[in-house]
Amino acid sequence: MEQGGEQNDHIVHLSPEAFSVSPLVASIIAERHRRRPRRPGTMCTVHDNKSPGYGWLLPGWGAEERHMLSGRVYRYYYDPSGRLYYTLAEVLRAWEEAGLILLDK
């Protein structure tokens, strides 16, 4: 914490060697952070299929987590072309439509 009780925003940056999302996805996530002001005390982390809990992601896909002071966590997913998905269900539907997976109905 800073003096006066204000908290800093935190973003976790990973080296390119340790991170396997496509360069386009990495640049889109970085641009989102520049465009959208973050509230003090929020934290954002970026994950790929090597991150704990995200091994289900296909190579080149990325996930972004935004942790709010309230405890709420917002998750966003990105395909290798940079398209944004708001839910896991949207990701699975996109994979199914692309013929990458087959879901039982």
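Rundown of residues vs (1) charged (D, E, K, R); (2) in contact with a Gly (Cβ under 7 Å, 6 or more places away or on another chain); (3) over 22 Å from Ile101 (Cα atoms), yes/no style:
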{"site": "Val25", "(1), (2), (3)": "no, yes, no"}
{"site": "Ile28", "(1), (2), (3)": "no, yes, yes"}
{"site": "Gly41", "(1), (2), (3)": "no, no, yes"}
{"site": "Lys50", "(1), (2), (3)": "yes, no, no"}
{"site": "Arg66", "(1), (2), (3)": "yes, no, yes"}
{"site": "Arg75", "(1), (2), (3)": "yes, no, no"}
{"site": "Tyr85", "(1), (2), (3)": "no, no, no"}
{"site": "Val91", "(1), (2), (3)": "no, no, no"}
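Looking only at the range 67-105, which residues are part of a strand (DSSP E or B) and more than 17 Å from Ser27 (Cβ to Cβ)? Please lay out each step first, then the result.
Taking the range 67-105 as the starting set, the residues that turn out to be part of a strand (DSSP E or B) are 67, 73-78, 84-85.
Once the filter is applied, which keeps residues that are part of a strand (DSSP E or B) and more than 17 Å from Ser27 (Cβ to Cβ), the range 67-105 yields His67, Val73, Tyr74, Arg75, Tyr85.
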Inset, instruction - Looking only at the range 11-20, decide whether some residue is modelled with pLDDT under 90, crowded, with 17+ Cβ neighbours inside 10 Å and either part of a helix (DSSP H, G or I) or at positive phi (or both). - result: no
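Among the residues of the range 36-77, write down those that are touching a Ser or Thr at 6+ places or on another chain (Cβ under 7 Å) and within 23 Å of Pro23 (Cα to Cα).
Keep residues of the range 36-77 that are touching a Ser or Thr at 6+ places or on another chain (Cβ under 7 Å), which gives 48-50, 59-60, 65-69.
Across the range 36-77, the qualifying residues are Asp48, Asn49, Lys50, Pro59, Gly60, Glu65, Arg66.
Test Pro52 against the stated conditions and say whether it is part of a loop (DSSP other than H, G, I, E, B) and at pLDDT 90 or above. Quick ask: steps written out before the conclusion?
On the way: part of a loop (DSSP other than H, G, I, E, B): yes; at pLDDT 90 or above: yes.
Yes; evaluated as a whole, the condition is true for this residue.
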Inset, instruction - Output the qualifying pairs, or none if there are none: Cβ atoms under 9 angstrom, residues six or more apart or on different chains, first residue in the range 41-66 and touching a residue at least 60 places away in the same chain (Cβ under 8 Å) and under 13 Å from Ile28 (Cβ atoms), second residue surrounded by fewer than 18 Cβ atoms within 10 Å (Cβ to Cβ) and of a type in the set (D, E, K, R). - result: none
Legend entry - Lone unmet requirement of (1) over 19 Å from Pro23 (Cβ atoms); (2) among the hydroxyl-bearing types (Ser, Thr, Tyr); (3) surrounded by 19 or more Cβ atoms within 10 Å (Cβ to Cβ) for Tyr86: (3)
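The values are calculated or read from the model by the stated rules, or taken from the named source; none is laboratory data. What you see is a predicted model, and the numbers here were worked out from it, not measured in a lab. As a convention, Cβ positions derive from the backbone with ideal geometry for all residues, glycine included, and neighbour counts pool all protein chains shown.
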